[in-house]
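Working notes for the structure below.
Computed from the coordinates by the stated procedures, all read-outs in this text should not be read as laboratory data. In this text, all values refer to a predicted model and were calculated from it rather than measured experimentally. Reconstructed Cβ throughout: ideal geometry from the backbone, glycine too, with neighbour counts over all protein chains shown.
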Ligand code: HAM
């Protein structure tokens, strides 16, 4: 038998963990600065939640969800995206009673059965931010600013933002009518997938990657030219806020999203140098979502930031992150008595917050020293028969190669002093 991680999933090995710790370590203080509080939702939800939120006709619902029935016959789905569960929690816990908007963030794994490629996985991790309960375009600006702060603090350069408004249930049908008519008149130029999209989810034709469809998309009608007054004002106000913030962005009429709950503002952030899958964050408004999930009519806006892609960008840009320290103290033991004293000694050192390790089994002193060196130990404590008889430890400073004999009672003090200098 030769097991491997399932296709499209990946192990995050110890060598990559410093990146994750570094990025996650920045998320909490940034969210705190904006008044966002963390929420965690289950990895499974009722399948109907995602179907209601993301809707049929999207790739996620039609072919990418990991859905199954549990032993009791309940239809469940692994978290296919982060927004629907958070809005479900908002409704379930009566968060409409709190001061609005309710500002929430999460770190979640997301499961989608997509075709794996560089930067696209079947399980990925998102840092998501949601502000639920306000229509005000200043909240749209807040989500964008928080995201930009995150990318900046993490140290990614060359991030760009594309922005669009796709209207609301009042104005979108008119726009979709125009779009469908435009495509029908040129149907011979559209790829077979776009012909299907016209029936099921016309907005998605604008996201087609097929070469032959590109001229069609370029000349297609723009949603921003078909907004109702409320959507037009909202978008104009958001753009004014972005202007006063000196926030650069590109208006993109072809930016539509892969989830169907969006209304008004939609956006994506892109990174340079990580290949085709370069969207490092995407989101928008979802003013109809809470109501579609059985709650009161409640507007909302948020973003999902793909952490694998952020970390790929960091690695690509050779951003330095601090390594996770390996244990500074290594206990080398010779003989069975030493092993008994050693096990007690290690317990004492760890209680004193001194990271300590050792090599199990009966190895020569030379082999133990080699292992200590390979593991990056700063001090090796040598326990042999003589040391045990005399109640001392031989301490070898691995940096200078000098050795000192220290009484076991003084050891914690000695190590605390020595390791501060090392
Ligand atoms: P999304 O665009 O599907 O939006 O995902 C957000 C981000 O997650 C993407 O921009 C990308 O960075 C990352 N991502 C998505 N799929 C993958 C994948 N297969 N492998 C690696 N990374 C991936 C949402 O999920 C919305 N819930 C975002 C949102 C929050 N909208 C409003 N609030």
**Complete:** So, relative contact order of the chain in percent, Cα under 8 Å, 6 or more apart, is 15 percent
**Message:** Looking at the chain as a GNM with Cα springs under 10 Å, which of 259, 365, 206 has the largest mean-square fluctuation?
**Reply:** 365
**Request:** With a point put 7 Å past each Cα toward its Cβ, work out how far residue 15 is from residue 243 in nm, to one decimal.
**Result:** 5.1 nm
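Taking a ≥ b ≥ c as the square roots of the eigenvalues of the Cα gyration tensor of region 159-293, is the shape rounded (a/c under 1.5), prolate (a/b larger than b/c) or oblate?
Cα axes put region 159-293 in the oblate bin.
If each DSSP helix of 4+ residues adds -39,500 (n - 2.57) and the sum is divided by the residues in the chain, what number results at 222 nm, nearest 500 deg cm²/dmol?
-11000 deg cm²/dmol
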**Prompt:** Against the longest principal axis of the chain, how steep is helix 411-421, in degrees 0 to 90 to the nearest 10, with axes from Cα atoms?
**Reply:** 50 degrees
**Prompt:** For helix 17-33, what angle does its Cα long axis make with the longest principal axis of the chain, in degrees from 0 to 90 and rounded to 10?
**Reply:** 60 degrees
**Message:** I need to check one value: relative contact order of region 1-136, counting alpha carbon pairs closer than 8 Å and at least 6 residues apart, in percent.
**Reply:** 27 percent
**Request:** Within 10 Å, count the other beta carbons around each residue, average over each peptide in 26-33, 300-307, and list them highest first.
**Result:** 300-307, 26-33
**Prompt:** Beyond 42 Å, what share of the Cα-Cα pairs of the chain remains, rounded to the nearest whole percent?
**Reply:** 32 percent
**Request:** Would you please give the FRET efficiency between residue 219 and residue 71, computed as 1/(1 + (r/R0)^6) with r the Cβ-Cβ distance and R0 = 41 Å, to the nearest 0.05?
**Result:** 0.15
